[in-house]
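What follows is a set of notes on a single structure, which appears directly below.
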Amino acid sequence: MVGQAVLRECLLDPAITSVLTLCRTAPPTSHPKLRHIPHADLFDLTAVEAQLTNLDACFFCVGVTSVGMKDNEYRHLTYDLTLSVARTLQRLNPAMAFIYISGQGTDPKSSLHWARVKGETESALLELFPRAYMFRPGYIQPMHGVRAKIAWYNAVYAVLGPLYPLLKRVVPSMFTSSEAVARAMLRAAQHGAPKRVLETPDINALASTPALN
């Protein structure tokens, strides 16, 4: 869902000259500055490495829910997968910005397995990239036709959508939108951010800053 949103922001931003997507299926949109690399196995980028050079930033939006998943499987698809991609990109583009979507409650010392794994992933990325930024959004309201891949998420969004403006005013520390998250990610990649780990209020504040071309 966040990947769809940040792709939209990149395509709308006149300062972005080229956008490359790397995933199993092509994005549901076309654009003159968009190029897609179909690749199923993100654990092994050897076959496409030649196409992954001269990149300024990576928006890493791959993620899975821990619900119903074994601990070792969740770690493999969260920590192992992310670091496998990140190490390849860092070797090919050592100065790139790496923007990682984590989640509210992430903590490498947490008793919750998902939060601990996410925290360990964040720590490894922050050490690997001088320009790494960890995004920890809470509730994200999808906007502009963006949809989640998990059906019951969309049902929740449909119910809470009309209440989102009120909820954001009442509990601003927990609520944001797909547009705000994506816009803040783009700002961090282009110009940096006040913090390397951003919670929901930080994300909303960064999203509201004007673009600097």
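Data overview
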{"item": "Ordering of 180-187, 69-76, 193-200, 31-38 by packing [mean C-beta count within 10 Å, highest first]", "result": "180-187, 193-200, 69-76, 31-38"}
{"item": "³J(HN,Hα) computed for each position of the stretch 21-31 - Karplus, 6.51 cos²θ - 1.76 cosθ + 1.60, integer Hz, glycine/proline x", "result": "10, 10, 6, 5, 10, 5, x, x, 7, 10, 6"}
{"item": "Under the Karplus curve 6.51 cos²θ - 1.76 cosθ + 1.60, θ = phi - 60°, whole-Hz ³J(HN,Hα) for the stretch 59-65, x wherever Gly or Pro sits", "result": "9, 8, 10, 6, x, 10, 7"}
{"item": "Under-5 Å amide H pairs with residue 177, H placed in peptide plane, nonlocal only", "result": "141"}
{"item": "Whole-Hz ³J(HN,Hα) from phi, Karplus 6.51 cos²θ - 1.76 cosθ + 1.60, for the stretch 84-93, glycine and proline x", "result": "4, 5, 4, 5, 5, 5, 5, 5, 7, 9"}
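We did not get these values from a lab; they are worked out from the coordinates using the rules stated. Being a predicted model, the structure only gives us computed values, none of them experimental. Cβ sites come from the backbone with ideal geometry, for glycine too, and all protein chains shown count toward neighbours.
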